Amino acid sequence: HPLSSAASDVYKRQVKDFINAVREDLRANKIYLPTLPTLALEALVVINDPDSSAADLEKVISKDAALTARLIRYANSPLYRGVNTVTAIKLAITRIGFQRVKNAVYAVTMKEVFRTNIKAVEQRMERLWTHSVKVGAQAAMLAKDQPGLDPDVALVAGLVHDIGHIPLLIKACEYAELTKHPDYLDRLVLKLHPQVGASIVKLWKFDPAVVAVVEEHEDLTRDPGNVPVNYVDLVQVANILAHEGTQHPLARVERQNIKAFSRISLPVDGQEAPETEEDTRAVEDLLF
């Protein structure tokens, strides 16, 4: 709804203050940064240690029944469909592969990052996670058809593409006019979240390809030329498809003008084969 003149002035001042505060927080490394669960970080330390073995990783993961169950489900998902069903964490690690378990751990623990006790933004965070899961699952399925791209990396890239929303939503709670006008806040977050998100995934030491996704996925004018299809292409397409049928601006873009659609040879109607849709839903279910 249009703001009155007085309210508009207050809002504009708060927007300016908010943007300046975010930029200052970024410069001073004071921006709120979500953290991964402790056990996930412990598992990642083992994975990154060249002297560690699958047995060491199994020992760490087995401390947490929920993480163990999630990784077993992950190993049995359409991303790693094997002949037999895996029922033990040791076999799950073997099927996924020791080095690739890193992305699996990120994927199955990322939901914790989107949790908050702040009532003012709780529902927004839940919607953000739901959307991120849709984008991640879609990107993972798209990656399966692209030579040289890893569905695990695509999944994680999709899950974190909007991670910059989290500190911005929490920061916005300090500004009453912003939280009272969600449409205006949405526009502000849309503008700022790629830069903020990139600072988070850089701090987490994520793969540069994932950092590029967080930084570039909102740039619908990007034209990478003749370089091979990359994860930014996958997540851009997945992001647009995930907003289909909503009021989001991406639901109304002209897909034929988005280079990513032609680069991955996906029809602009975005229709998938029924079995692909089923697999995509199965990956989504794994993460909720």
Rounded to the nearest 10 Å², the 1.4 Å probe accessible area of residue 181 is 40 Å²
In terms of Cα to Cα distance under 14 Å, which aspartates and glutamates are near enough to residue 119, apart from those fewer than 8 places away along the same chain? 174
All lysines inside 24 Å of residue 63 as judged from Cα atoms, apart from same-chain residues fewer than 8 positions distant: 90, 102, 111
In Å, the C-alpha Rg and Dmax of segment 33-113 are 11.9, 41
Residue 20 label point, 7 Å along Cα→Cβ, cut-off 17 Å on backbone N: hits in segment 157-198? 172, 174-178
Cα-centre dipole for the chain with unit charges at Cβ (Lys and Arg positive, Asp and Glu negative), debye to 20: 560 debye
Of all stretches in the chain that avoid GluC sites (Glu not before Pro) placed in a DSSP loop and having at most 15 other Cβ atoms within 10 Å, the longest is 1-173
Run the reach check for residue 12 against lysines, Cα to Cα strictly under 16 Å, same-chain hits fewer than 8 apart removed. What comes back? 180, 191
With all protein chains present, how much of the accessible area of the chain (probe radius 1.4 Å) comes from carbon and sulfur, to the nearest whole percent? 51 percent
Any idea what the relative contact order of the chain is, in percent, if you count C-alpha pairs under 8 Å spaced at least 6 apart? 19 percent
Table column - 3J(HN,Hα) (Hz), segment 151-161, Karplus curve with 6.51, -1.76, 1.60, x for Gly and Pro: x, 5, 5, 4, 4, 5, 4, x, 5, 9, 4
Return one number: the angle in degrees, 0 to 90 and rounded to the nearest 10, between the long axis of the Cα atoms of helix 274-287 and the longest principal axis of the Cα atoms of the chain. 80 degrees
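The values are calculated or read from the model by the stated rules, or taken from the named source; none is laboratory data. These numbers come from a predicted model, not from an experiment. Methodologically, a virtual Cβ is constructed for each residue, glycine included, from the backbone with ideal geometry; neighbour enumeration extends over all protein chains shown. Only protein heavy atoms, including side chains, enter the accessible area calculation; ligands, DNA and RNA are left aside. Shrake-Rupley method; radii C 1.70, N 1.55, O 1.52, S 1.80 Å.
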